[in-house]
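Peer 1: This is the structure, below, for whatever I ask next.
Nothing in this text is a laboratory measurement; each read-out follows from the coordinates by a stated rule. Given the structure is predicted, the values throughout are model-derived calculations rather than measurements. Methodologically, a virtual Cβ is constructed for each residue, glycine included, from the backbone with ideal geometry; neighbour enumeration extends over all protein chains shown.
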Amino acid sequence: MPLEAPVSASVLTPPTTVHRRPPAALLVLFGLLVLSLVARLVFTLTEPPFDGSLRYDDLIAMDGAYWPLNLYLGGPGYLVSFVSTAVFLVLLGRGHGSALTLAGALLVGLGGTVFSLAITAEALPFAHAVDPTLFGEAEGRAWVSTLNGRLDLLAPAIVGSQVAIGVGGLVGLVGVLLSRTTPRWAPVAGIVGIVVSQVLPLAALGYLLQLVVLAGIGWAGSRVRR
């Protein structure tokens, strides 16, 4: 009677699904992205109104908080959000799409850096103009009026960097779509979100939509398998 080969224990053991957790570094980076988006939202809700110019009364009402708000909340919030998003775009790149995700990441990262520096630099002279230890009310109002007349000096940097960020986001998401590292609907939704955010009649809604798109890119990038 022929002997049967022993049955391996591995055959009797049912297969198990291994759920890989994202690397801790990516979770930390995603946490920084979320924190920066919250900082941007708080900054937007607390900064003085801007309709093409800043008003002395709005600035002086902040009682010295205008400059710290820009230096420690607005500027860093914008910088970290765009740079971390650029990193996640690179992580989402594969194959034919990797060149596009890299190009998009460079535009988002560099554009975001210039934008955050420009808006912070723009705030400093206004903060000095409304400092009561430096100027009286009449002088301060005159300085604010003068500075409003020279906002065109930083306009190219601010507008140009915004264009770079928008184009970079579109290019990067097309790269993600080609890379197939996420469900196809995810980059398509991101592309639609970027386009819609630029045409919404209410700027506040477009801004919130941009924050959602950035958070979505970060979430997808933190979950992708290398």
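Peer 1: If you keep only loop residues by DSSP, which trypsin sites (Lys or Arg not before Pro) in the stretch 55-162 have at most 14 other Cβ atoms within 10 Å of their Cβ?
Peer 2: Working: sites: R55, R94, R141, R150; in loops: R55, R94, R150.
For trypsin sites (Lys or Arg not before Pro) across the stretch 55-162 that sit outside H, G, I, E and B with at most 14 neighbouring Cβ atoms in 10 Å, the list reads R150.
Peer 1: Mind giving me the nanometre distance, one decimal, between the label points for L151 and A138, set 7 Å out from Cα along Cα→Cβ?
Peer 2: 2.7 nm
Peer 1: Follow-up question, since we're still on this one. From the Cα trace of the chain, what convex hull volume per residue do you get, rounded to a whole Å³?
Peer 2: Details: hull volume 32.9 nm³, N = 226.
Value for the chain: 146 Å³ per residue.
Peer 1: Now for a separate question. Can you tell me the order of 26-36, 62-72 when each peptide is scored by its average per-residue count of other Cβ atoms within 10 angstrom, highest first? Mind dumping the intermediate values first?
Peer 2: On the way: 26-36: 17.6, 62-72: 15.8.
Highest mean packing first, the order is 26-36, 62-72.
Peer 1: What do you get for the angle between helix 75-91 and the principal long axis of the chain? Use alpha-carbon atoms, 0 to 90 degrees, nearest ten.
Peer 2: Approximately 30 degrees, to the nearest 10.
Peer 1: Quick one: net charge around P49, please, counting Lys, Arg +1 and Asp, Glu -1 for every other residue with C-beta under 14 Å from its C-beta.
Peer 2: On the way: positive: R55; negative: E47, D51, D57, D58.
Here the count lands on -3.
Peer 1: Please give the net charge around W67, taking every other residue with its beta carbon less than 13 angstrom from that of W67, where Lys and Arg add +1 and Asp and Glu add -1. All intermediate terms of the calculation are to be shown ahead of the outcome.
Peer 2: Numbers: positive: none; negative: E47, D63, E122, D131.
Result for the local shell: -4.
Peer 1: A further question follows. Running a GNM on the chain with Cα contacts under 10 Å, which residue among G52, G172, G74 ends up with the highest mean-square fluctuation?
Peer 2: Evaluated over the chain, the most mobile residue of the options is G52.
Peer 1: Considering only S179, S53, S197, give the residue with the highest GNM mean-square fluctuation for the chain, with springs between Cα atoms whenever their separation is below 10 Å.
Peer 2: Result for the chain, Cα springs under 10 Å: S53 fluctuates most.
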